[in-house]
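Engineer: Here it is: the structure, laid out below.
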Amino acid sequence: PGTLRSACQEVLELGDTQERLIDGLLTLATSERGIEHWQPLDLAALAGRVVTGRQPEAERVGIRVSTRLDVAPAAGDPDLAESLIANLVGNALRHNVPGGEVLVMTALAAGRATLTVTNTGRPIPDSEVDRLFEPFQRAGRDRVDYAGHGLGLAIVRAIAAAHGAAVTAAARAGGGLTVEVSFPESPG
């Protein structure tokens with residue numbers, strides 16, 4: 001019975017892994033098609049929902065998540081924008097260190113809604129930052145959680161492009177990464 005239970009658990013975990021991979025690939029493909037129906041959205045509300053949903057994971061791995069969510073209106077596909085935020089927050093948690101931190105901020109400056117996600121983590125050479133936005137690329141193996149397939153930042157870049165948003169990333173001097181997504185000025 002113990003061996004059968006263990007085998008069943010392993011099959012369930014493999015199924016979950018495959019489901020996450022397929023979901024990631026579908027999100028990547030969907031975002032690369034572009035946005036059909038533009039809607040108003042607020043990055044702050046979406047980010048708040050994502051952070052609340054990820055809080056149990058953050059607590060499980062011992063990472064403190066803080067926010068500074070100012071109203072940040074934009075236009076686009078709210079589901080894709082939420083997926084962009086979820087991928088950034090998920091990466092910030094996974095590519096971190098025990099006892100690390102994640103900061104999620106939204107703001108409106110010069111008419112542009114901006115989302116910034118910063119995390120602590122291992123040092124990343126500046127020359128490696130752009131590579132992380134390619135599909136199936138990941139930072140080193142010394143991270144809190146090994147789940148994922150290296151699609152998170154590729155999805156972020158594709159969703160941002162579909163929204164006409166600019167993505168910038170910079171390695172932090174003490175380790176970790178800061179990623180900023182700046183959406184175009186929202187019409188009306």
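Engineer: Kindly rank 157-165, 170-178, 79-87, 118-126 from highest to lowest mean number of other beta carbons found within 10 Å of each residue.
Structural biologist: Going from most to least packed, we get 79-87, 157-165, 118-126, 170-178.
Engineer: Another question about this same structure. Round to the nearest 10 and report in Å² the accessible area of Val97, as given by a 1.4 Å probe over the protein chains' heavy atoms.
Structural biologist: Surface open to solvent at Val97 totals about 50 Å².
Engineer: Work out how much length Gln9 to Thr52 would gain on full extension: take 0.36 nm times their residue separation and subtract the Cα-Cα distance, in nm to one decimal. The partial results should precede the final answer.
Structural biologist: Values: separation 43, 0.36 × 43 = 15.48 nm, distance 2.80 nm.
Length gained, Gln9 through Thr52: 12.7 nm.
The values are calculated or read from the model by the stated rules, or taken from the named source; none is laboratory data. Keep in mind the model is a prediction, meaning the values are calculated, not measured. We place every Cβ from the backbone using ideal geometry, glycine too, and count neighbours over all the protein chains shown. The accessibility values were calculated without ligands, DNA or RNA, using every heavy atom of the protein model including side chains. Shrake-Rupley method; radii C 1.70, N 1.55, O 1.52, S 1.80 Å.
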